Amino acid sequence: MTISRDASLELADWDDTPGGTANISDRNNISFDAVGDANNIAVFNISADALSSGTFKGVNAEPDVTVIINVSGTSATVGVNGNETGSNVLFNFYEAVTLNIDTAFNYSILAPLANIRLQGGGINGTVVSNNLTQNAEIRPDNFSGTFAFEAPGAPSSVPAPPALWLMAGALARMGSEHALVV
């Protein structure tokens, strides 16, 4: 779990990518229009309140752009209905200790400190958490985005393979005491 916690904290330090827009003020039209940087990465930083309710129109990005949405807050409830699917989109709940997902949310989630309670319509994506109480389905639309981390003193970045997230997600699911697939 240390690897996923460290990755989550590093992603949280990344600044918003210029050129993208996050429409989070209109609760009936929440959306992210992502523009990738030179490495085809788009980053947004939002608070957990932005996802608490409303209509989520989705994340718009070119297929080769990885979108990272860093979500601050120690307790979060995802109440927006996110029926769009984006295998290149990662929601990073880097501070969350409690994460309730009460509706369909079809994006990958990195929340290594969180106890996640999954209700509602399920997830199409990869989920990494501390603990998972699952009363809805997680369907295998695995995270396929790519990004790089730099080790201190390293001459170049090394990509974090999607398989890392798959393994971490599988370990998180195996450790869950109350897993129920509907």
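The values are calculated or read from the model by the stated rules, or taken from the named source; none is laboratory data. On a predicted model such as this, the values are computed, not experimentally measured, just so you know. Every residue, glycine among them, receives a Cβ derived from its backbone with ideal geometry; neighbour counts consider all protein chains shown. With ligands, DNA and RNA removed, areas are computed over all heavy atoms of the protein, side chains included. Shrake-Rupley method; radii C 1.70, N 1.55, O 1.52, S 1.80 Å.
Before moving on, here are some points about what is shown:
- Annotation: Asn83 fulfils all but one of (1) at pLDDT 75 or above; (2) within 28 Å of Asn39 (Cα to Cα); (3) assigned to a strand (DSSP E or B); the unmet one is (1).
- When Asn88 is tested against (1) part of a strand (DSSP E or B); (2) out of contact with any Pro (no Cβ under 9 Å at 6 or more places or on another chain), just one condition goes unmet, and that condition is (2).
- Selected residue (criterion: surrounded by the most Cβ atoms within 10 Å (Cβ to Cβ)) from residues of region 23-35 that are within 17 Å of Asn88 (Cα to Cα) and within 17 Å of the chain's Cα centre (by Cα): Ala34
- Among the residues making up region 1-59, those that are touching a residue at least 60 places away in the same chain (Cβ under 8 Å) and among the hydrophobic types (A, V, I, L, M, F, W, C) are Met1, Ile3, Ala7, Leu9, Leu11, Ala12, Ile41.
- Residues within region 38-93 that are within 15 Å of Asp16 (Cβ to Cβ) and among the hydroxyl-bearing types (Ser, Thr, Tyr), tallied: 3
- Filtered residue count, region 112-146, keeping only those that are over 27 Å from Glu62 (Cβ atoms) and among the aliphatic types (A, V, I, L, M): 6
- Residue in region 100-107 that is aromatic (Phe, Trp, Tyr), open to solvent by less than 10 Å² (accessible area, probe 1.4 Å), assigned to a strand (DSSP E or B) and within 21 Å of Ser4 (Cβ to Cβ) present: yes
- Some residue of region 43-55 being closer than 18 Å to Val127 by Cβ and open to solvent by less than 20 Å² (accessible area, probe 1.4 Å): yes
- Scanning region 59-69 for residues that are crowded, with 18+ Cβ neighbours inside 10 Å and not in a loop (DSSP other than H, G, I, E, B) yields Val59, Thr66, Val67, Ile68, Ile69.
- Residue, most open to solvent (accessible area, probe 1.4 Å), within region 110-130, restricted to residues that are within 12 Å of the chain's Cα centre (by Cα) and over 15 Å from Ser75 (Cβ atoms): Asn124
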